[in-house]
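To start, the structure itself, in structure tokens.
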Amino acid sequence: MTNLLGPLPPSRGTWWREGAVVVAAFVFCLLGGVMQVDDTLSAPKPVAYVIAVVSCAVLPWRHRSPAGAVAATTACGMLVQPLGLLLTPLIVAPVVMTAYSFAVRTGRRVASVVLPASAVLLVAPTPFFGDLSWKDASRMAAVAAFPLVAGVLGNSVQNRRAYLAAVEERARWAEDDRESEARRRVAEERVRIARELHDLVAHQITLANAQATVAAHLFDSRPEQTRKSLGELVATTSDALDDLRATVGLLRQSGDPAAPGEPAPGLSRLPTLLDSFRRAGLHVSLHEEGTARPLPPGVDLTAYRIVQEALTNVTKHAGSTCTASVRLAWLSERVTLTVADDGHGGATRTGANRAPGYGLIGMRERATAVGGLLSAGSGPEGGFLVRAQLPLPPARDAARSANRGEAGEAR
């Protein structure tokens, strides 16, 4: 694990990887120590083992102190020729590895100074140990080039990691901003609607209360005045209803059709809703568990709207050719609605790349308003999953509430 602000030691699970790196460096270094000028191999000298062991022993510390590791391995490389060994790219393998780690964990300016200095120091003792041939010159060039190439690769890895970290940070900030903006807009809309409703309802209800009080006071003594007060009360309540309709109507778009005069939809119209999505190309199935029970009008409407919004999101985000399933589980105290899609028809939605949106906020608020809960996120088998748990009243209360709702709609 790498931290751009400072090196971190390897975790316990990566010790095997560190051991493999050290063993590979030891093998390369020892192999370079037995090579001869004519590219043949000789019996390893004790000094070759010493160089390999000492230079590879500092490799595990290249994460904690990359500069110290580069200095130690470079010093070992400078001792190769004075100790009678042939300086080859293989014998400086520990220098190459520490140069890569140093470039990953330090800035470009520091690496551009330290690594060329290390390459120069590796080949600096060569002129003092005999004349240089063209073959020797090419070998020295390769020895000096290997740490520099490792430094370039390490710097590229550092830039890539910094870029990915910046992208992740921007994505996280963008997601937080979208959530904050959604909450802010919902809160502003609530405040505006509350202010409008308070202004008109408080005025009209106060006036209606005063007119009703006058009518009750004059009911026996002055019937004509009572009749007049009741007429004014009817006009006042009518105006209040008109104002309420106008205020709530502001929430609709200007091009929306007028509200139908039919009863509010519920789960009884769920098959019709699913057929409409099937005609649009969405493969959707319905599964029901338990015994269905009549729901109060508010809960019934909430359940219908949640299924409608969830399937609309499936068509919008996952594509109309994917597969979705709607499951209703009727329990003793609640009904659970689950809408899931496989995400194969389009872009899969995840917590990382999909903003919560106003649809999910609206569904969650609908569920909370009737005392339920709603959760949404990635499904266990991919795709997206919306699950709502809505409370169920006792059987008698549910039937009585449903009857009252039907009577109110009939009126």
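The values are calculated or read from the model by the stated rules, or taken from the named source; none is laboratory data. Everything quoted here is computed from the prediction, not taken from an experiment. Heads up, the Cβs are rebuilt from the backbone with ideal geometry, glycines too, and the neighbour counts pull from every protein chain shown.
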Determine whether region 98-116 contains at least one residue that is outside any helix (DSSP H, G or I), surrounded by 23 or more Cβ atoms within 10 Å (Cβ to Cβ) and either among the basic types (Lys, Arg) or touching a helix residue (DSSP H, G or I) at 6+ places or on another chain (Cβ under 7 Å) (or both).
no
Scanning region 366-411 for residues that are at pLDDT 80 or above, of a type in the set (S, T, N, Q) and surrounded by fewer than 18 Cβ atoms within 10 Å (Cβ to Cβ), which turns out nearest to the chain's Cα centre (by Cα)?
378
Could you identify the single residue in 179, 169 that is in a helix (DSSP H, G or I) and either surrounded by fewer than 12 Cβ atoms within 10 Å (Cβ to Cβ) or at pLDDT below 80 (or both)?
169
Being part of a helix (DSSP H, G or I), surrounded by 14 or more Cβ atoms within 10 Å (Cβ to Cβ) and either at pLDDT 70 or above or in contact with a Pro (Cβ under 6 Å, 6 or more places away or on another chain) (or both): is that true of residue 241 here?
no
Please specify each residue of region 305-347 satisfying the condition of being at pLDDT 90 or above and among the hydroxyl-bearing types (Ser, Thr, Tyr).
325, 336, 338
